[in-house]
1. Could you put 12, 116 in order, starting from the residue whose Cβ has the fewest other Cβ atoms within 10 Å?
2. Along the range 203-217, what does the Karplus equation 6.51 cos²θ - 1.76 cosθ + 1.60 (θ = phi - 60°) give for ³J(HN,Hα), rounded to whole Hz, x for Gly and Pro?
3. Against the longest principal axis of the chain, how steep is helix 125-134, in degrees 0 to 90 to the nearest 10, with axes from Cα atoms?
4. Expressed as a whole number of Å, what is the distance separating the alpha-carbon centroids of the range 3-73 and the range 90-142?
5. Let's see if you can work this out: charge +1 on each Lys and Arg Cβ, -1 on each Asp and Glu Cβ, no other charges. What is the dipole magnitude of the chain about its Cα centre, in debye to the nearest 20?
6. Given the options 73, 215, 20, which has the most mean-square fluctuation in a GNM of the chain, springs set between C-alpha atoms less than 10 angstrom apart?
7. Okay, helix-only estimate at 222 nm for the chain: each DSSP H run of n ≥ 4 adds -39500 (n - 2.57), divide by all residues, round to 500 deg cm²/dmol; what do you get?
8. Tell me which residues come under 5 Å, amide H to amide H, from residue 218 once H is placed; ignore anything under 5 positions away on its chain.
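Read-outs: derived from the displayed coordinates by stated rules, not from any lab. Only a predicted model underlies this, so the values are computations on that prediction, with no experimental measurement involved. Note that we place each Cβ from the backbone using ideal geometry, even for glycine, and neighbour counts take in every protein chain shown.
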Amino acid sequence: MIKVIFIDIDNTLLSFDEYVKQAMREGFEKFGLGEYRGEMFGVFLGINAKLWRAIEKKEITFEELGQIRWNMVFEKLGIDFDGVVFEDYFRARLRESAIPVDGAYEMLDYLSSKYTLCAASNGPSCQQVNRLKLGNMLHYFEAVYVSEDVGASKPSEKFFEYAFNDLESKTCEKIKPDEALIIGDSITADMVGGAQYGLKTCWYNRHKARLPKKVELDYAVERLNEIKGIF
C-alpha cells in the first residue's frame with residue numbers, strides 16, 4: 001500500500017527544458033552572442049546530461065558544473081564568450097522560473113488528496129524551493145528534499161535514507177520504502193535510485209523513449225494526466 005509519493009521537480013513538475021530555450025534565446029540577445037537557433041538547445045541538452053551523470057557518479061560537484069557547463073556549450077557552438085558569466089545569468093533567471101509541465105497541477109491536486117507528497121530534486125535548495133513557491137506548488141508537499149540540503153544527490157542511497165528519516169521525524173510514522181513511490185523523468189536519478197532503495201517507481205517518459213535494458217519499472221506514463229488512472 002502506497003503511503004508517500006516522492007516527485008521530481010525539473011521536467012516533471014516544472015519545465016527545465018522550456019526555461020533553457022527561453023534563457024538561451026534572451027541571453028544570446030542580452031550578451032550579443034548572435035541569433036539563437038533551435039539546434040543549439042540540443043547541444044546544451046547533451047552536455048548538461050553528461051555533466052549531471054558525472055554529478056550522480058560523484059565525479060564532479062555541482063559547483064564544478066557551474067565552472068565548465070557553458071564554456072563547454074560555447075566551445076561546441078563556436079562562440080567566444082565567458083561561460084561562467086553566462087552561468088551566473090542562467091542560474092539567476094532559473095531561480096525565478098516556474099513554467100509548469102502540462103498536467104502537473106491536476107496531478108498534484110489528485111495525488112495530494114490521497115497520499116503524503118514530498119518533492120525530491122537534485123540542485124540548489126533555495127532555487128528549487130523558490131521555483132515551487134512561484135509555481136504555487138509548494139503547499140502540496142509535506143517536505144522538499146534537495147540534494148544541496150541532503151548532502152547527497154539522487155540516485156545515492158544517502159539521499160533516500162535522509163528523506164525517510166526526516167519524514168519519520170515530521171510525521172511520527174515510520175514509512176517503509178515499499179510503501180513509497182517515486183515519480184520522475186530521469187531513469188538514473190529517479191527510477192534506478194528509487195528502485196535500489198526499495199521504492200516503487202513511475203517513469204514520466206515525456207519523450208516516449210525506449211526503456212534501457214536491465215532497467216525495471218513498476219509503472220510508466222507518457223503524460224502526467226495518466227497517473228490519475230493508475231493510483
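1. 116, 12
2. Karplus-based 3J(HN,Hα) across the range 203-217 equals 8, 8, 8, 5, 9, 6, 7, 7, 5, x, 4, 6, 9, 10, 10 Hz.
3. 80 degrees
4. Between the Cα centre of the range 90-142 and that of the range 3-73, the gap is 18 Å.
5. It comes to approximately 440 debye.
6. Residue with maximal mean-square fluctuation among 73, 215, 20: 215.
7. -14000 deg cm²/dmol
8. For residue 218, the qualifying residues are 201.
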